[in-house]
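A short worksheet on the structure shown next.
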Amino acid sequence: MLRAAPYLVAAILAGPVAAGALGALVPSFGFLPALGHDAFGLAVWRDLLSWPGIGGSVLLSFASGIVTAGLSLALAMLFLAVFFETRAFIWLRKAIAPLLAVPHAAAAFALAFLIAPSGFLARLLSPWATGWQRPPDLLIVQDELGLSLMAGLVMKEVPFLLLVALAPLAQIHAVERMRMARALGYGRIAAWFKTVVPALYPLLRLPIYAVIAYSSANIDVALILGPVSPPPLAVQVLRWSNDPELDYRLIAAAGAVLQFGVTAAAIALWVAAERILITLGRGWIESGNRTLAEQGLGLLGRVLFPALLLSAGLGILALGLSAFARVWRFPDPFPSRWTLEHWQSVGDTASGPLGATIWIALAATGLSLALVLAMLENERRTGRRAGRALELVFYLPLLVPQIGFLFGLVLLAELIGIAPGGGLVAAGHVIFVLPYVYLTLSESYRRLDPAWSRLARTLGHSESRVFWKVTLPMVFTPTLAAFAVGLAVSIGQYLVTRLLGAGRLDTVTTEAIALAAGGDRRLIGAWALTQAVLPVLGFALALAAPRLLWRHRRGMLGAVQ
Amino acid sequence: MTGGLVLEGVRIALENRELLTLDKAVAPGEVLTVMGPSGSGKSTLLSFIAGFLTAPFLATGRVLLDGADITHAPPEARHVGLLFQDPMLFPHLSVGGNLLFGMPAGRPVRKTRAAEALARFGLEGFADRDPATLSGGQASRAALLRLLLSEPRAALLDEPFSKLDRHLRADIRSFTFERLREAGLPTILVTHDAEDAEAAGGPVVELAL
Amino acid sequence: MLLTRRLTFLAFPLLLAAAVASSVAPARADSPAAEWSRVLDAAKGQTVYWNAWGGDPRINAYIAWAGEQVSERYGVELVHVKLTDTAEAVARVLAEKSAGRNEGGAIDLIWINGENFAAMKRNGLLHGPWIEALPNHNLTDPANSPDLALDFGVPVEGLEMPWARARLVFYRDEAVLPEPPRSSDALLAWAKANPGRFTYPLPPSFLGTTFLKQVLLERASSVDALYRPVAEGDFASVTAPLWDYLDALHPHLWRQARSFPANAGAMRRLMSDGEIDIAFAFSQSEATAGIESGELPETVRNYVFDAGTIGNVSFLAIPFNAAHRDGAMVLANFLLSPEAQLRKQDPEHWGSATVLDLEELTPEQAKAFREMDLGPAAIPADRLGAMLAEPHPSWTDALEEEWNRRYAVR
């Protein structure tokens, strides 16, 4: 049973993705019998490639994938270099969870309201500093180059990369590396990039590819912050698949395949750049140069990190203020009249969706966690780590654009005859939750010294007893963290919930996004905060529970994690 | 059939390179010291006896304990206790919890016995303590106690004194050997400290690289 | 080979049984009343999944109210599936058809019109005709309401039930802009004088495309061509005035037309934030609701173009494979009742104009409709001006594609 775990996991992840991909690939060649298209051909592809603006869409998606990943990685590394083993490092650790917990769409919406010409910042500064009585006609949000889109993505991806970078620091002996390099006379930044990054980067590779994939293919953030015409490719695909003219489904399918190609190309470019950088970097590491713009970069990190926190905080504050606003006109810095109406409206409708959100998140995360634990425990017992290819499969759902395979997935569920509903939705969530659970838990699990379980076995306990009595309690803290991440991922799912639930199942996220279509910022604010509350609670619990549980076990606090 | 721990034609190889061969019997209460430089296969030998040898190591030969062949038994059925460099008290359990975890299930008055044993080892009232708050010497004694209470039939010691402060080392060492001898356990000690070997007072095997 | 034969073997007795059953069934059709009572019986205990746009909490509340009513009165449960786009529901039905699910579908009722209806009808995704079976259907006076028989020029043919009338209305803050531009020409002149203070939602969003049609109806070289399929006319010459107009207008739009609000809601938000001075909606109640919730200034008022504005009807349709047709019909019939239509027209609850013919109602009912206060922003019905019918739905995609070709590429 345990031995089958890795293959079971691979099947759970690869099966739907493959089926979904097929569901996009086949119609892209003109085959969709339900609409009377039953001959294969290249006409759809010709239509797609001659679509006005398609080049711009492709370029935009490609660029936002590469640029977001590059910037996020650079910032994450800079922050770690600047703050590692300082007092601020504790703050950095603590800031990650809430930043991660805010759903993408809510964060994007908050940022949009923060930086718009009629947004919160402009209101705080007008008219006394800017002289604006009316918002200026400036294109900041949804700019053509996608800068605001990338900024929004970076805001969410930096915490993610920090999270995955923090986990293996102990494993690669970052402290010792830094001390050694500093003792050899290297500056803090140079020491980090020359001695820690080379060991850390290989462990970040797959998460970075996931960042590229997400940034080049996401919809939530792109709809709010991305340029509108031409839009990023994924948004264009969504428009096609939502076009009342059903024949556009064919172009949508081809577009989804193209999206997959764009994402793959962006990752390929990254891999190529990575090779070159590694080669160049070796010479640089061995050059003996002791500094790397120490003061400049140090200052940059000390400015940018608080700036990131501040903009996230101000954005959420602005959203929170909107949620209590009855009247809030430009350039008033705060609402002129307040109300609880929006919260009443949330309260009237939220109880059902809240329950559904919670049970689906618990079921999907619980199942994912069980599978990941089974796989890791199997790995520990056999002493064989999952192969590279198998590991890639775990990341497949993160690497393949959602828009590309979800339609095919619905088709598959229908063909098998699984009725849409909660069970199917929870199963669908597993596809996206499991990779993140694996990502957050696997390093800690593998880092656990095998001597512990050996010792326990020499004391006469069987393998399964050792798992429950020794291994699991010792990785309890990272397991809770993985659980919280899984909950947050599940809670944030929109497309899967809609498509596999046939829209019958309302979660706080589907409610929030349905109402976002109405455009009332105050209501959107209330819902976005409601949507963020659950993951924040999850993270808070994941942080607090071990402290409470292990308050008399100092060895469990800090030793693992 | 003899009592004690018998290594019969044991050969351990790493891929194709032979690491060690050993044919030895360790009588109850006797300590066999295995010495040798790093990489000579000392710890691998202990892994083999305890039942944890994994690829790429290969082993042949038999391990007999009190006459029974345990070569292929699962580790938990071998009744072979281990002591490491670190005391390795489970950090999620109290000191008492660590002892109880080691004691066989189904015995009467386990808690009382654990408390009495702690007192005998100079750790009176330590049952509810967090292992992280113990001094090095206290932790070592607790680890030894856990091993003894698990009622093993043999003990394997993997450089158990190497991390101890100098002034503690002699005390702990003699304390440990006395207790093992009292319990009549056949013991194998792996070390590269000649003082350890001397204090153990038993036969010594030198492994070459 | 063996498999096919076995299937035929299985199918044959079934066919035979069906033939026998139909020959045994009584030849005369049931009376409408008896047929309706059969529907009521069958509907009892069914749960109707109604897919309807869910972007407005007031509409959602209205739908929830309707759900309570049909549950109490007819034992029909209602689940509102809140869409961000009606096309989501169309996609669902399509996926079900692709997978061969010809019954037991996930959707029982869709709020729909225009292109979505045309597409579903053309692809055989709709059930019906069914609306004549509804007792309340006669209250719309179908014989004398030709506008209810066409949906964007496509014959309804009983496949969808008229539910709400909508009119394009513009709105602005009267305190800021007392004399708004009341024609496309005036709008252009105003935009030139007030750069960056007007925009329209991005086509192909519903309201964005409607704006294109509104301008086109006012300026097209041949309006008649717009009511025939686009393929039958000369698209380029008919629409040339529209593109000339937009070419002139765009440099003066909000953000110089480099960006557009995504939809009607986003445009209203720009109005609320003071970024633009003129907005529009497909309902008189949008501005009123905005005033009442504090989102828009209290001096916001609706207005229309002198030459009239586009109006249309939205409908309720049942997919071909709906699992709970009877429940859906009972719900639809209730939604067409004077009581439900009156509440719908009340701006307190929603503010969407009725499809009922007041002549068909009792005098008290008609009076209630006539005397309803439509809210501070609304224009009284008699000053709403001419209603321009929606062009044939084939124009929608053609306009959107051409718009995209001209303005999406940079």
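The values are calculated or read from the model by the stated rules, or taken from the named source; none is laboratory data. Not measured: the values here are computed from a predicted model. Every residue, glycine among them, receives a Cβ derived from its backbone with ideal geometry; neighbour counts consider all protein chains shown. Keep in mind that these areas ignore ligands, DNA and RNA; they rest on the heavy atoms of the full protein, side chains included. Shrake-Rupley method; radii C 1.70, N 1.55, O 1.52, S 1.80 Å.
General observations
- Cβ-Cβ under 6 Å pairs, at least 6 apart or on other chains, the range B:26-50 side acidic (Asp, Glu), far side open to solvent by 10 Å² or more (accessible area, probe 1.4 Å) and part of a loop (DSSP other than H, G, I, E, B): B:30/B:202
- Residues that are open to solvent by 40 Å² or more (accessible area, probe 1.4 Å) and within 16 Å of residue A:319 (Cα to Cα) within the range A:85-122 comprise A:98, A:104, A:115, A:121, listed in sequence order.
- Qualifying residue in the range B:92-115 (condition: open to solvent by 10 Å² or more (accessible area, probe 1.4 Å), more than 22 Å from residue A:465 (Cα to Cα), part of a helix (DSSP H, G or I) and touching a residue at least 12 places away in the same chain (Cβ under 8 Å)): yes
- If you go through the range C:196-210 and keep only what is of a type outside the set (S, T, N, Q) and either in contact (Cβ under 8 Å) with a residue 60 or more places away in the chain or touching a strand residue (DSSP E or B) at 6+ places or on another chain (Cβ under 7 Å) (or both), you end up with C:196, C:197, C:198, C:200, C:201, C:202, C:203, C:204, C:206, C:207.
- Complete set of residues in the range A:457-488 that are more than 7 Å from chain B (Cβ to nearest Cβ) and among the polar types (S, T, N, Q): A:464, A:471, A:477, A:479
- Check on residue A:139, of a type in the set (A, V, I, L, M) and open to solvent by 10 Å² or more (accessible area, probe 1.4 Å): yes
- From the list C:401, C:371, the lone residue that is free of Cβ contacts under 8 Å to residues at least 40 places away in the same chain and either within 14 Å of another protein chain (Cβ to nearest Cβ) or more than 22 Å from residue C:288 (Cα to Cα) (or both) is C:401.
- For the range A:23-34, taking the residues that are within 13 Å of another protein chain (Cβ to nearest Cβ) and open to solvent by 20 Å² or more (accessible area, probe 1.4 Å), the one that is nearest to residue A:392 (Cα to Cα) is identified as A:26.
- Answer from A:48, A:13, A:59 - the residue that is surrounded by fewer than 19 Cβ atoms within 10 Å (Cβ to Cβ) and not in a loop (DSSP other than H, G, I, E, B): A:59
- Any helices (runs of 4 or more DSSP H) falling wholly within the range A:144-253 and containing at least 3 residues that are within 28 Å of residue A:494 (Cα to Cα) and away from chain C (no Cβ under 14 Å): A:147-166, A:197-217
- Residues (touching a residue at least 12 places away in the same chain (Cβ under 8 Å), facing chain A (nearest Cβ under 9 Å) and open to solvent by 40 Å² or more (accessible area, probe 1.4 Å)) located in the range C:50-65: C:53, C:61, C:64
- Condition met for residue A:440 (within 14 Å of another protein chain (Cβ to nearest Cβ), assigned to a helix (DSSP H, G or I) and under 30 Å from residue A:205 (Cα atoms)): no
- As for the range C:162-185, it holds no residue that is over 30 Å from residue C:58 (Cβ atoms), free of Cβ contacts under 8 Å to residues at least 24 places away in the same chain and among the small types (Gly, Ala, Ser).
- Some residue of the range B:141-151 being at the interface with chain A (Cβ under 8 Å from one of its Cβ atoms), surrounded by fewer than 19 Cβ atoms within 10 Å (Cβ to Cβ) and part of a helix (DSSP H, G or I): no
- Among the residues of the range A:359-379, those identified as open to solvent by 30 Å² or more (accessible area, probe 1.4 Å) and more than 14 Å from residue A:479 (Cβ to Cβ) are A:359, A:362, A:363, A:367.
- Only one of A:458, A:510 that is of a type in the set (Ser, Thr, Tyr) and touching a strand residue (DSSP E or B) at 6+ places or on another chain (Cβ under 6 Å): A:458
- All positions within the range C:78-103 that are touching a residue at least 40 places away in the same chain (Cβ under 8 Å) and open to solvent by 40 Å² or more (accessible area, probe 1.4 Å): C:97, C:101, C:102, C:103
To keep it simple, each residue is scored yes or no on (1) assigned to a helix (DSSP H, G or I); (2) within 18 Å of residue A:525 (Cβ to Cβ).
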{"position": "A:268", "(1), (2)": "yes, no"}
{"position": "A:289", "(1), (2)": "no, no"}
{"position": "A:302", "(1), (2)": "yes, no"}
{"position": "A:305", "(1), (2)": "yes, no"}
{"position": "A:318", "(1), (2)": "yes, yes"}
{"position": "A:333", "(1), (2)": "no, yes"}
{"position": "A:363", "(1), (2)": "yes, no"}
{"position": "A:375", "(1), (2)": "yes, no"}
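- Residue in the range C:113-125 that is buried (at least 19 other Cβ atoms within 10 Å of the Cβ) and under 25 Å from residue C:366 (Cβ atoms) present: no
- The range C:197-207 - residue that is in contact with an Asp or Glu (Cβ under 9 Å, 6 or more places away or on another chain) and at pLDDT 95 or above and, of those, farthest from residue C:405 (Cα to Cα): C:197
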